[in-house]
1. How large is the charge dipole for the chain, taken about the Cα centre, if only the Cβ atoms of Lys, Arg (+1) and Asp, Glu (-1) carry charge, to the nearest 20 debye?
2. Could you grab the relative contact order for segment 263-306? Cα pairs under 8 Å, six or more apart, rounded to a whole percent.
3. Please arrange Val79, Val235, Val279 by counting, for each residue, the other beta carbons lying within 10 Å of its beta carbon, fewest first.
4. Compute the relative contact order of segment 140-242 as a whole-number percentage, counting only Cα pairs closer than 8 Å that sit 6 or more residues apart in sequence.
5. So if we plug the beta-carbon distance of Asp69 and Lys122 into 1/(1 + (r/R0)^6) with R0 = 22 Å, what FRET efficiency do we get, rounded to 0.05?
6. Return a single number: how many Lys pairs in the chain, at a sequence separation of 8 or more or on separate chains, have alpha-carbon atoms below 26 angstrom apart.
7. Taking the inverse of the average 1/r across all pairs of different Cα atoms in the chain, what Kirkwood radius in Å do you get?
8. If you wrap a convex hull around the Cα atoms of segment 299-397, how much volume per residue is inside, in Å³?
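Bear in mind these aren't lab numbers, they're just calculated from the coordinates by the rules spelled out. Computed from a predicted structure; not experimentally measured. Cβ: placed from backbone, ideal geometry, glycine included. Neighbour counts: every protein chain shown.
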Amino acid sequence: MRESSRGVLGILAAIGALGLAGCDAGDATEEDDVTSSTDLSAKADGITIWLDPVAHPTSRFGQPAWRLDGRASKNLESVFAFSSDDEFGEAIQTSARKFEVFVDAIQLERLLTGYRLLLDVKTTTGSVRRYAASIRVAPKLERAHGSSKITLRKTFAPFFFGNELRFRNLVGLASGFGNMAASSERGSSPEALAPSGASIGMDWIAPALADIASDPAFEIDVSASSSAAGEGAPVVRSGGVDIGVTSLQITTKLAFEQWPEPACADATLACLEALPGAVDRSTCGAAIDVAPCLWKLPKGANETSFSSDLSLFMANWYGEHAADVAASGANTVGQARALCGASRVTVVTDPEEDPHGHDLSKFIVFRHPDVVFPGSDTVWFGAYDRASGGLESIYDFN
């Protein structure tokens, strides 16, 4: 199959604008004479904000990151990025009216759940000088090419499988085709492939999508074969993953007055409580509906708990071992975290298999194949207290 080029990224996104109004004539300069027809825009009293519709993959402090490019119709005093009530990502003013916002892979996963990236925008002139902006992003499958016997949807629907954030892309196969398989050239594969109506649901964990989206040349490859005899090799269709902006809004109100934090609805919590722990929770709502309820559920360790904890552990582990890892030819941190999936987790049932010798009547111990050097003899373990469900430690053994 052909390589993807590093050409222009394109995603069309819906936008929401609040309080439509024109720009202050006294603030006009040559910088706002021309606006790209593909830019997103939002207006409030006396200001317009423009934003690129795609987050640009980059590297920051030696780790994968994504950059959002924006500009304003008024001179800026400052731009500050936050989510919930905490500083989030980093906003950098690059000129009088232009700014950039950076998020890393961990922060991106929160945004892909459906949470808003919020900006506190202060201007130097005008009767109104302080605004709040809201940005929402989502993964999109773009630049598809290959066999027309396979249809790849552009959208990925976020949901929780147990405590693991996953994204479902629906794949269509032509009549007479089956035996579908999918993988990333980065080494990751879907956590599940299952019928979903007339299509097949292809479920990816968040770190795997983020890893693929870290470079426009990386792709997902989907193959299928004909059930008829003598049809030859499987057909393949491929596509890359972009992080697209799906919503841009701006207001003169305080951010949390305009966009309250998502809350756990009673009906959603009741639905979740009726389900067993490590199951598909999409029947109870989208990821952003389920996320506020997760902390209210009974604590208990399961495969999805360990996969999520191992993924976060790897982000920190790579930071501590960056020099050694870089010189060893190991997986990148993105590749390693993309392999931390619940489908690869098993429960330790024989105390002899646990190198730390936990009492299995008091602890539940999980194991996962190595993600730093895939295929090596190293195994990663996670020990959880059976009574509380709390993580006791993560450790490796060769």
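1. Roughly 1100 debye, rounded to the nearest 20.
2. 50 percent.
3. Ascending Cβ contact count within 10 Å gives the list Val279, Val235, Val79.
4. 34 percent.
5. 0.70
6. Step by step, the pairs that qualify in the chain add up to 16.
7. Over the chain, the inverse of the mean reciprocal pair distance is 23.0 Å.
8. For segment 299-397, the hull spanned by Cα atoms encloses 92 Å³ per residue.
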